[in-house]
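Every read-out reported here was derived from the displayed coordinates using simple, explicitly stated rules and does not represent laboratory data. The structure presented is a predicted model; accordingly, all values stated were derived computationally and were not measured. Glycine also receives a Cβ, built like all others from the backbone with ideal geometry; neighbour counts cover every protein chain displayed.
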Amino acid sequence: MTDINNINNIIKTFSTKPGVYIMKDNQDNIIYIGKAKNLKKRVSSYFNKNTNQDSKVAKLVKKINNIDYIVTGSELEALILECNLIKKYRPIYNILLKDDKGYKFIRVPDSPYQRISVVSKKQQDKSRYIGPYMSNFAAKEIVQTVNKIFKLPSCNRELFNKNKYSRPCLNYYINLCEAPCCCYISKDEYKNNLKLALNYIKSGMKSILKLLQKQMEIEAENLNFEKAAKIRDQIKILQKVDCQENVTISEYSNADILAALLYKNYLCATLLIFRDYKLIDKKQYIVSGEENISEIRKIILLKYYTDKNYKLPEIIYLDGPVDDFELLKNYIFKNIKIIFKQENKNNKLIEMAENNSRERILQEIKIVDKDENKLEDLKDLLKLKKSPEIIEAYDISNFGSEIIVGAMVVFQNARPKKSGYRRFKIKTLESQDDYNSMCEIINRRLEEYKKNNKNFNNLPDLILIDGGYNHISCVNKILKNHNLEIPIFGMIKNKKHETEALVNLENKKINIKNNQTIFLFIKKIQDEIHRFAIAYSINIYNKSSDKSILTKIKGVGKSRQKKLIAYFKTIKNIKNASENELKQVDGISKSLAKEIFEFFKLNP
């Protein structure tokens with residue numbers, strides 16, 4: 001389920017520039033790719049309660065766990081990049097959300113007397129088809145743009161029929177069309193405009209400007225000043241349209257652009273990957289602290305260009321020096337052209353990479369500032385001596401007396417530090433006892449600290465236990481035995497398994513729902529430790545010989561097994577649950593709840 005507040009915090013850091021947004025689920029799979037003229041505004045609209053959404057979009061929103069974005073130079077660039085990324089990743093919701101007619105293509109007719117149009121299917125004709133485009137809007141937007149620039153007709157009138165129309169439509173009078181319906185231009189001129197439009201769609205603005213400039217000069221030399229003036233007007237329109245095609249490279253089909261930026265103690269490197277003249281992907285790396293930019297460039301280049309599965313480009317654009325460059329050049333860049341920023345005549349591509357690095361750093365700064373404020377608020381609420389930079393949380397999971405495990409998760413600077421996560425098999429108990437199980441894993445964790453075990457070398461500033469007063473009282477005795485004073489609080493859930501409050505050693509409940517930021521943070525920690533502990537117990541359970549009990553129930557497959565175990569924690573709790581309690585589990589219908597209840601009634 002989507003954490004709307006967390007997503008909203010991410011969106012607040014977004015750029016208002018045009019670009020492509022990439023939505024991911026909780027497994028970090030890309031599930032939807034879209035484009036936007038204003039990234040922040042567009043992505044926010046998905047989570048606006050006042051926005052009417054169809055059922056497919058509503059399902060998408062529920063799956064979103066994280067959102068990334070790539071900044072482009074214009075909305076048209078975003079359209080093209082969106083198309084390239086969708087072709088590469090084929091996200092499931094781009095397929096689900098497309099209209100019933102399927103993919104869209106831009107059709108360029110073989111006959112010079114037809115129009116560029118958007119179609120749903122390729123026909124068995126001699127026309128050229130560009131695409132497919134997953135978005136009908138994207139294809140139409142591109143066609144509208146070229147029609148405007150090259151004054152192509154957008155109406156349904158028959159072309160070059162002198163006897164049919166006495167006067168052109170409104171578009172001619174507002175200078176958006178040259179009225180081929182009334183033969184105000186020649187067939188050759190119209191054919192040339194179609195050709196220019198096609199080249200624009202294929203190659204972008206840069207190549208078209210060169211071609212038009214050359215044509216204008218030729219017409220002027222031949223004293224065809226009226227034609228030269230028309231071409232000049234086309235050039236002006238092109239220059240006014242803010243769509244310099246950074247996403248298309250005219251000189252090299254395969255190129256990489258690397259730009260690293262250091263700003264406010266953050267260093268971000270962005271690698272833009274172009275293949276077949278199109279931007280197809282972005283890789284980013286961000287670190288905090290004083291870092292050597294030239295060394296970072298070297299590390300990234302080594303990472304990719306020594307990978308046998310990575311398709312090497314023809315050329316690499318770099319924004320600055322690289323450590324051991326001569327060595328790298330002889331080792332991996334023998335057949336690759338390297339162009340540094342100062343040598344590169346077209347800096348637009350490097351600027352695009354730099355802009356993405358800058359946006360990522362600004363996003364990180366906003367997130368860090370919020371995290372620091374979050375920890376300060378937590379410190380004040382719990383009356384701690386210092387801000388809890390390192391928080392450890394613990395939980396116990398068991399299936400009766402057969403499987404008893406414990407788990408520890410670590411949050412550093414308000415973010416999960418997964419390298420610090422640890423799992424424990426309970427060794428000293430033969431029956432279910434959550435309190436003594438919790439004491440055992442805390443004791444073992446502190447013993448490892450005393451042994452200078454590098455995996456447990458930092459003590460936390462705060463310990464959170466998934467449990468109540470009895471849990472933290474038991475654990476506090478272990479801390480005293482080790483002569484340690486670490487603040488400890490219990491995370492309490494209500495009967496609906498929802499985070500409710502924190503409890504201290506004085507058995508006083510601390511209300512956290514009044515502070516939405518703290519409430520969501522504690523909920524995130526509690527959900528994470530619960531997920532991690534359950535995942536470990538399920539893993540052991542799946543390897544055990546006693547895993548068949550739930551599979552014997554008609555309608556309970558692997559997915560529903562996991563949901564039942566995650567909700568009730570133990571087989572015993574499932575056996576003792578009422579029908580009403582069973583149907584509270586996601587995916588368990590009223591009839592299936594009855595089936596499970598009746599099964600355990602006959603098989604106690």
Within the stretch 489-517, find all residues whose amide N lies under 16 Å from a label point positioned 7 Å from the Cα of ILE4 along Cα-to-beta-carbon.
-> 516-517
For the chain, the longest principal axis of the Cα atoms and the Cα long axis of helix 590-602 enclose an angle in degrees, to the nearest 10, of 30 degrees
Checked against the positive end of the charge dipole of the chain (+1 on Cβ of Lys and Arg, -1 on Cβ of Asp and Glu, about the Cα centre), the farthest of ILE391, ILE486, TYR200 is TYR200
Could you work out Rg/(2.2 N^0.38 Å) for the chain, with Rg from alpha carbons only?
-> 1.25
Stretched fully, the stretch from ILE365 through LYS427 gains (0.36 nm per residue minus C-alpha distance, one decimal, in nm) 17.9 nm
17 Å Cα-Cα reach of LYS40 towards lysines, excluding residues that sit fewer than 8 places from it in its own chain = LYS12, LYS17, LYS24, LYS49, LYS366
Treat each spin label as a single point 7 Å out from the Cα along the C-beta direction, and report the LYS493 to LYS450 distance in nm.
-> 3.3 nm
Given charges at beta-carbon only (K, R positive; D, E negative), |dipole| of the stretch 459-604 in Debye = 600 debye
Rounded to the nearest Å, the spacing of the alpha-carbon centers of the stretch 143-199 and the stretch 13-41 is 37 Å
Output the peptides 321-329, 117-125 sorted from most to least packed, where packing is the average of other Cβ atoms within 10 Å over each peptide's residues.
-> 321-329, 117-125
For the stretch 255-360, what is the charge dipole size about the Cα centre, in debye to the nearest 20, if Lys and Arg each add +1 at the Cβ and Asp and Glu each add -1 at the Cβ?
-> 340 debye
How far is helix 225-240 tilted off the main Cα axis of the chain, in degrees rounded to 10, range 0 to 90?
-> 10 degrees
If contacts are Cα pairs under 8 angstrom and at least 6 residues apart, what is the relative contact order of the stretch 390-543 in percent?
-> 25 percent
Once every DSSP H run of n ≥ 4 in the chain is given -39500 (n - 2.57) and the sum is divided by its residues, what mean residue ellipticity at 222 nm do you get, rounded to the nearest 500 deg cm²/dmol?
-> -13500 deg cm²/dmol
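Can you flag which of LYS104/LYS210; LYS264/LYS417; LYS63/LYS508; LYS417/LYS562; LYS210/LYS334; LYS122/LYS195 are past 28 Å Cα-Cα? Could the numbers behind the result be given before it?
Details: LYS104/LYS210 30 Å; LYS264/LYS417 23 Å; LYS63/LYS508 37 Å; LYS417/LYS562 25 Å; LYS210/LYS334 32 Å; LYS122/LYS195 20 Å.
Correct reply: LYS104/LYS210; LYS63/LYS508; LYS210/LYS334.
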One would report the antiparallel percent of DSSP beta bridges in the stretch 390-543, rounded to the nearest 5, as 75 percent
How do 479-491, 506-518, 35-47 rank on mean C-beta neighbours within 10 Å, highest first?
-> 35-47, 479-491, 506-518
In the structure shown, of LYS386/LYS513; LYS370/LYS513; LYS379/LYS454; LYS427/LYS493, the pairs separated by more than 25 angstrom at the C-alpha atoms are LYS379/LYS454; LYS427/LYS493
Once fully extended, how much extra length lies between LEU459 and ASN539, figured as 0.36 nm per residue of separation less the alpha-carbon to alpha-carbon distance?
-> 26.0 nm
So, with +1 on the Cβ of K and R and -1 on the Cβ of D and E, and no other charges, what is the size of the charge dipole of the chain about its Cα centre, to the nearest 20 debye?
-> 1800 debye
Given Cβ charges of +1 for Lys and Arg and -1 for Asp and Glu, the option among ASN458, SER437, VAL61 whose Cα lies farthest towards the positive end of the dipole of the chain is VAL61
Here the FRET efficiency for LEU211 versus LYS303, based on Cβ atoms and R0 = 35 Å and rounded to 0.05, is 0.35
In the chain, taking the dipole from +1 charges on Lys and Arg beta carbons and -1 charges on Asp and Glu beta carbons about the Cα centre, the listed residue (LEU223, ILE273, GLY557) farthest towards the positive end is GLY557
Could you state the number of Å between the C-alpha centres of the stretch 435-455 and the stretch 487-534?
-> 23 Å
